[in-house]
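Below is one structure; the comments refer to it alone.
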Amino acid sequence: MTITPPQRVTLAVGAGKAERSIAVEQRAGSAPGLFWLGGYRSDMAGSKALALDALGAEQGLAVTRFDYSGHGISGGDFNDGTISRWLEEAEAVMALTQGPQIVVGSSMGGWLALLLAKRLLAKGKPARGLVLIAPAPDMTHELMLPSFTPEERAQLEQKGYVEQPSLYSDQPYRITRGLIEDGAQHLLFGGVIETGCPVIILQGGQDPDVPPAHALALVTRILHDPVTLTMVPDGDHRLSREADLELMRAAVLKLAKAE
């Protein structure tokens, strides 16, 4: 069996000085399509994204992956990144797809998936389903700000950014004041979260970045759509072990085959 590689396209998003070049990879296939949203400082070549692409190839389903501006091989400056910008890019890439989509979001991508689902629902074109892996909705105000020391808060005001050590890279995480301030426009935990589709959440019990309590708080706010939470007791934040990837594949296939 010959598997055709995905097609790479470049999409211009934004206007004027805010325009950035977004790298997209699309695999042809049938609906429902699989739509990947990565995490903060992640890219479309990560293990979960590639496992999703391989699943699409195996099942004959269309797959769409892309890098946010400032990430991977897309253009733009990471330090200019905000939830608004990355959500705008997600909507623009979604417009390239055909038919209903299963949106798979990891960490920050889980927040963007929920925001994207809300906008799709408002347009009368709800997602087929959401698979959220260690989702981090409201991370700017629920996870980042509370973790800052008084010194870091002062640095955020004075320098416009904070740098924190990363468990996943030699380079520190840079968190900008622009990201924090913009995040306030997209907070979801203040009320009921409407997705218009089934939601499956996969959460690591040993996640040092997005604690299990955050996933539980999310579940309590999804009141009108079917939601399933699977807790992986020894799972970390990435959930990239083969057993974790199998959980992701099973969740996607469950939504794909649902009537």
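The values are calculated or read from the model by the stated rules, or taken from the named source; none is laboratory data. Please read all numbers here as calculations on a predicted model, not as lab measurements. Note: ideal-geometry Cβ built from the backbone for every residue, glycine included; neighbour counts use all protein chains shown. When the accessible area is computed, the model is the full protein with side chains, heavy atoms only, and any ligands, DNA or RNA have been set aside. Shrake-Rupley method; radii C 1.70, N 1.55, O 1.52, S 1.80 Å.
Below are the figures for this structure:
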item: Accessible area of the chain belonging to carbon and sulfur atoms, whole % at 1.4 Å probe; result: 52
item: Per residue convex hull volume, Cα atoms of the stretch 57-130, in Å³; result: 102
item: The stretch 106-259 - accessible surface per residue (Å², probe 1.4 Å); result: 48
item: Residues with amide H under 5 Å from that of Ile193, placed H, sequence gap 5 or more; result: Ile222, Leu223
item: Charged-residue dipole, Cβ positions (Lys, Arg, Asp, Glu), the chain about Cα centre, Debye nearest 20; result: 720
item: Nonlocal amide H pairs with Val227, under 5 Å, H built at 1.01 Å; result: Val199
item: Residue-wise HN-Hα coupling along the stretch 205-220, computed from phi with Karplus coefficients 6.51, -1.76, 1.60 (Hz; x: Gly, Pro); result: x, 10, 6, x, 9, 10, x, x, 4, 5, 5, 5, 5, 5, 4, 5
item: Of Lys17/Lys125; Lys48/Lys254; Lys17/Lys48; Lys48/Lys125; Lys123/Lys159, those spanning more than 28 Å from alpha-carbon to alpha-carbon; result: Lys17/Lys125; Lys17/Lys48; Lys123/Lys159
item: In Å, descending, principal axis extents of the Cα set of the chain; result: 56, 42, 37
item: Pairwise FRET efficiency - Thr220 versus Glu246, Cβ, R0 = 25 Å, nearest 0.05; result: 0.35
item: Neighbourhood net charge (15 Å Cβ-Cβ; Lys/Arg +1, Asp/Glu -1) for Ser106; result: -1
item: D_trans [Stokes-Einstein, Kirkwood Rh over alpha-carbon pairs] for the stretch 135-259, 37 °C, 0.692 mPa s, µm² s⁻¹; result: 200
item: Radius, Kirkwood style, for the stretch 79-171 when every pair of distinct Cα atoms is counted (Å); result: 15.1
item: Value of relative contact order over the stretch 1-59, rounded to a whole percent, pairs C-alpha under 8 Å and six or more apart; result: 27
item: Whole-Hz ³J(HN,Hα) from phi, Karplus 6.51 cos²θ - 1.76 cosθ + 1.60, for the stretch 103-118, glycine and proline x; result: 8, 10, x, 10, 6, 4, x, x, 5, 4, 4, 5, 5, 5, 4, 4
item: Relative contact order (percent, whole number), the chain, Cα cutoff 8 Å, 6+ residue spacing; result: 16
item: Point-to-point label distance, Ser147-Leu229, nm (Cα→Cβ direction, 7 Å offset); result: 2.0
item: Built amide H within the under 5 Å cut-off of Tyr173, gap 5+; result: Gln164, Ser166
